[in-house]
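Student: Supplied in structure tokens, the structure appears directly below.
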Amino acid sequence: MRPFRFQKFDIQQNADVFRVGTDAVLLGALANVSEAKNVLEVGTGTGIISLMIAQRNPEAKILAIDINVEAVNISQTNFSNSPYSDRVKSQLQDFKNFETEEKFDLIISNPPYFEINSSEKDILARQKLELNFGDLIQKSSQLLSENGLFAVIIPVDSEKEFTQICSENNLFLQRKVSIKGIKTSVPKRVVLEYAFKESEIKAENFVIEKAPRVYSEEYLALTKDFHQFTKKPL
């Protein structure tokens, strides 16, 4: 399988690990990482989100975990081959059983969001088989620092459920970015950021394409330090 190439690093891919997709690129580029010194990525896959964070914040140290040994192997290869190899590492870990004394300034995840079904395609990465929203949120609330952020990208129609579970774990919505695939469509994805302190929610809208296969100016601006192309979508 061909590698995915960004300006400053390449992402090796294989058939046993969920490939680079638009959701991961958006989360890696949109999440607030400015204050994140100690970062945990849950379900790293190829490692692209962690590498984007490392590029955006030169002070961030990142631990990327995954339950899939193939994902851990390929993400560690990608980390080792990157300019950020001294700040990013991959670890084989079931998040539900993850124990550490550390607290994290940022916990970030592009989590599984499909209910369990008969499909065998990318089953761990796509279905709530090993990690459901409740498990992800509860454990994140235990590991997040007092002023830390918990950031995810999920389908719009899962937002209400996700935010309700977060509130039950004393995590409150701070920022919401509603994402349209194309200008004339309805939002399909949303980037959400939560923290322990309640505050006014910052609501934003984001459009990927202004016309079919024509990137919007905001997408080009967001990804200008990453993509090597300007016209052809993922």
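The values are calculated or read from the model by the stated rules, or taken from the named source; none is laboratory data. What you are looking at is a predicted structure, and each value in this text was computed from that prediction instead of being measured. A quick note on method: Cβ atoms are made from the backbone with ideal geometry, for glycine too, and the neighbour counts reach across all protein chains shown. Quick note on the areas: whole protein, heavy atoms, side chains included, nothing else; ligands and nucleic acids left out. Shrake-Rupley method; radii C 1.70, N 1.55, O 1.52, S 1.80 Å.
Student: Just to be sure I understand: of the beta bridges DSSP finds with both ends in the range 1-104, what percent are antiparallel, rounded to 5?
Tutor: Values: 2 of 12 bridges.
Within the range 1-104, antiparallel bridges account for around 15 percent of the total.
Student: Filter the trypsin sites (Lys or Arg not before Pro) in the range 136-215 down to the DSSP loop ones having no more than 11 other Cβ atoms within 10 Å, then list what survives. It would help to have the intermediate numbers written out before the result.
Tutor: On the way: sites: LYS139, LYS160, ARG175, LYS176, LYS180, LYS183, LYS188, ARG189, LYS197, LYS202, LYS210, ARG213; in loops: LYS183, LYS188, LYS197, ARG213.
When the trypsin sites (Lys or Arg not before Pro) of the range 136-215 are filtered for loop state and at most 11 Cβ neighbours within 10 Å, LYS197, ARG213 remain.
Student: With just the Cα atoms of the range 1-106, tell me how far they stretch along each of the three principal axes, in Å, largest first.
Tutor: Computed over the range 1-106, the largest-to-smallest principal extents equal 38, 30, 25 Å.
Student: Using 10 Å bins from zero, what percent of all Cα-Cα pairs in the chain falls into each bin?
Tutor: 8, 34, 39, 18, 1
Student: Something else about it: Hey, if you put +1 on the Cβ of every Lys and Arg and -1 on every Asp and Glu Cβ in the range 1-60, which of GLN55, GLN7, VAL33 ends up farthest toward the positive end of that dipole?
Tutor: Of the listed residues, the answer is GLN7.
Student: If you don't mind, there's one more thing I want to ask. Helix-derived [θ] at 222 nm for the chain: sum -39500 (n - 2.57) over DSSP H runs of at least 4, divide by residue count, nearest 500? Present the calculation step by step, with values, prior to reporting the outcome.
Tutor: Details: 7 runs with 61 residues, N = 234.
Estimated from H runs of four or more residues: -7500 deg cm²/dmol.
Student: Specify the residue with the greatest mean-square fluctuation among GLY47, GLY181, GLY21, computed from a Gaussian network of the chain linking alpha-carbon atoms under 10 Å apart.
Tutor: Answer for the Gaussian network model of the chain: GLY21.
Student: Follow-up. Counting only heavy atoms of protein chains, what accessible area per residue, in Å², does the chain have with a probe of 1.4 Å? It would help to have the intermediate numbers written out before the result.
Tutor: Working: 11520 Å² over 234 residues.
Per-residue value: 49 Å².
Student: Still on this model: Students often get this wrong, so check it: of LYS8/LYS61; LYS197/LYS224; LYS37/LYS89; LYS160/LYS180, which have C-alpha atoms separated by over 22 Å?
Tutor: Checking Cα-Cα distances, LYS197/LYS224 exceed 22 Å.
Student: Any chance you could list P(r) for the range 1-44, counting all Cα-Cα pairs in 5 angstrom bins from zero, rounded to whole %?
Tutor: Going out from 0 Å in 5 Å bins, the range 1-44 shows 5, 15, 24, 27, 19, 8, 3, 0 percent.
Student: Can you list residues from other chains, or at least 5 along the same chain, whose modelled amide H is less than 5 Å from the amide H of ASN38?
Tutor: Counting only residues 5 or more places away or on other chains, the set is LYS61, ASP105, LEU106.
Student: May I ask what percent, to the nearest 5, of DSSP beta bridges between residues of the range 161-234 are antiparallel?
Tutor: Details: 9 of 16 bridges.
Among the beta bridges of the range 161-234, antiparallel pairing accounts for roughly 55 percent.
Student: Within the range 135-221, list the GluC sites (Glu not before Pro) lying in a DSSP loop whose Cβ has at most 16 other Cβ atoms in a 10 Å radius. Mind dumping the intermediate values first?
Tutor: Details: sites: GLU146, GLU159, GLU161, GLU168, GLU193, GLU198, GLU200, GLU204, GLU209, GLU217, GLU218; in loops: GLU198, GLU200.
Passing sites in the range 135-221 are GLU198, GLU200.
Student: Give a quick list of chymotrypsin sites (Phe, Trp or Tyr not before Pro) in the range 125-234 that DSSP marks as loop, anything other than H, G, I, E or B, with at most 13 other Cβ atoms within 10 Å. Mind dumping the intermediate values first?
Tutor: Values: sites: PHE133, PHE150, PHE162, PHE172, TYR194, PHE196, PHE206, TYR215, TYR219, PHE226, PHE229; in loops: PHE196, PHE226, PHE229.
Here the sparse-neighbourhood loop sites are PHE229.
Student: Tell me, what HN-Hα J-couplings in whole Hz come from the Karplus equation 6.51 cos²θ - 1.76 cosθ + 1.60 at θ = phi - 60° for each residue of the range 60-74, using x for Gly and Pro?
Tutor: With coefficients 6.51, -1.76 and 1.60, one gets 6, 10, 10, 10, 10, 10, 7, 8, 9, 4, 5, 5, 4, 5, 6 Hz.
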